[in-house]
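The values are calculated or read from the model by the stated rules, or taken from the named source; none is laboratory data. Bear in mind the structure is a predicted one, so any value in this text is a computation, not a measurement. Note that we place each Cβ from the backbone using ideal geometry, even for glycine, and neighbour counts take in every protein chain shown.
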Amino acid sequence: MREYTTTEIDKRFALLDRYERRRVIQILQESETGHVSIRDVVSDLQKRDPTAADHDRIEVELHHIHLPKLTSLDAIEFDSCAKTIRYRGDELVEALLETAPETDISDA
């Protein structure tokens, strides 16, 4: 693994401070094709949280909060026309996720 600056490490921790962003990366890592539709991500998040907001609100939060943060570090690529997300890979993000315990949305 390459050496990371304190700023780069802080940005990755900030990126992973929300369950939704961690779950998006996990979904992408589990995908056989390397990309997933926004609809599938929203469905997954809604299924995992019994108190989740409605489908539209989750999608809006993805578009306006979570996806911009994930794309800011080039962790993902978002195709707004196709409404798909592709994981670009990030060695430090993956290492941090591996060491983090599995959580439920209710724990977040």
How many residues of the range 90-108 are modelled with pLDDT under 90 and part of a loop (DSSP other than H, G, I, E, B)? The answer is 6
All-but-one check, THR99 against (1) touching a helix residue (DSSP H, G or I) at 6+ places or on another chain (Cβ under 9 Å); (2) under 22 Å from ARG2 (Cα atoms), failing number (1)
Check on ILE58, in contact with a helix residue (DSSP H, G or I) (Cβ under 8 Å, 6 or more places away or on another chain), at pLDDT below 95 and under 13 Å from VAL24 (Cα atoms): yes
When the range 72-88 is checked residue by residue, the ones that are polar (S, T, N, Q), part of a strand (DSSP E or B) and free of Cβ contacts under 8 Å to residues at least 12 places away in the same chain are none
*State whether the residues of the range 47-63 include one that is closer than 18 Å to LEU97 by Cβ and either among the aliphatic types (A, V, I, L, M) or not in a strand (DSSP E or B) (or both).*
yes
By residue number, the members of the range 28-85 that are of a type in the set (Val, Ile, Thr) and farther than 30 Å from TYR4 by Cα are ILE38, VAL42, THR51, ILE58, VAL60
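Take ILE65 and tell me if it is of a type outside the set (Lys, Arg) and touching a helix residue (DSSP H, G or I) at 6+ places or on another chain (Cβ under 7 Å).
Spelling it out, it is not the case that ILE65 is of a type outside the set (Lys, Arg) and touching a helix residue (DSSP H, G or I) at 6+ places or on another chain (Cβ under 7 Å).
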Scanning the range 1-46 for residues that are outside any helix (DSSP H, G or I) and without any contact (Cβ under 8 Å) to a residue 24 or more places away in the chain, the one surrounded by the most Cβ atoms within 10 Å (Cβ to Cβ) turns out to be ASP17
- Message: Based on this model, can you work out whether LYS69 counts as assigned to a helix (DSSP H, G or I), of a type outside the set (A, V, I, L, M, F, W, C), touching a Leu at 6+ places or on another chain (Cβ under 8 Å) and at negative phi?
- Response: yes
Filter the range 1-23 for residues that are among the acidic types (Asp, Glu) and out of contact with any helix residue (DSSP H, G or I) (no Cβ under 8 Å at 6 or more places or on another chain); the one that is modelled with the highest pLDDT is ASP10
